[in-house]
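A short write-up of the structure that comes next.
FYI, it's all coordinate maths here, none of it is from the lab. All of these numbers come straight from a predicted model, not from anything done at the bench. Cβ placement follows ideal geometry from the backbone for every residue including glycine, while neighbour counts extend to all protein chains displayed.
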Amino acid sequence: MLAAVWLLVLVLAGCAGVPSSSAPQAIGTVDRPAPPSLPKPTPGMDPDILLREFLKATADPANRHLAARQFLTESASRAWDDAGSALLIDNVVFVETRGPDRVSVNMRADILGSLSDVGVFETGEGALPDPGPIELVKTP
C-alpha cells in the first residue's frame with residue numbers, strides 16, 4: 001500500500017513540471033546546402049532519360065524549380081504553377097509513341113503521398129491518375 005502511494009506521488013510530481021500550453025517560437029530559417037548535382041537536359045537525350053531527369057530535378061524547389069524548368073519549353077515553364085502541393089510518386093513507367101519530330105509519352109506511377117505548399121507530408125496510396133500524354137518536342 002505504501003509503495004502504491006509513493007508511486008502515485010512520483011507520477012503526480014512528474015506531471016507537475018509539464019506545462020499545459022505554450023506559445024510556438026520560430027527557430028529561424030535553415031541554410032541547406034545545394035544538391036550536389038542537379039540533372040540538366042542535354043541535346044539528344046533519350047525521351048525516357050529526359051523525363052526521369054526532369055522528375056529528379058523537380059525535387060529541388062530552389063528558384064521556383066529552376067532546375068526542372070530547364071527541361072521545359074518556354075511556354076510550358078510559364079504555364080507551370082509550382083506554388084501548390086506536390087505528389088510524391090514511385091515505380092514510374094513510361095510508354096512512348098514516336099513520330100518524326102515529336103515523342104508522346106504516357107506515364108504510370110504509384111502514389112506515395114503528397115507534400116502541401118507549407119511542407120506537410122500526407123501519406124497516400126494507389127495509382128497516379130492518368131495525366132494524359134506528355135508531348136516531347138525537339139527544340140533547336
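Annotations for the structure displayed:
- ARG98, ARG108 arranged by Cβ crowding within 10 Å, fewest neighbours leading: ARG98, ARG108
- At R0 = 22 Å, FRET efficiency that the Cβ-Cβ distance of GLU125 and ASP60 yields, to 0.05: 0.30
- Averaging over all projection directions, the Cα-based convex hull of the stretch 41-140 occupies 6.7 nm² in the image plane.
- Positive minus negative residues near LEU55 (Lys, Arg vs Asp, Glu; Cβ under 12 Å): -2
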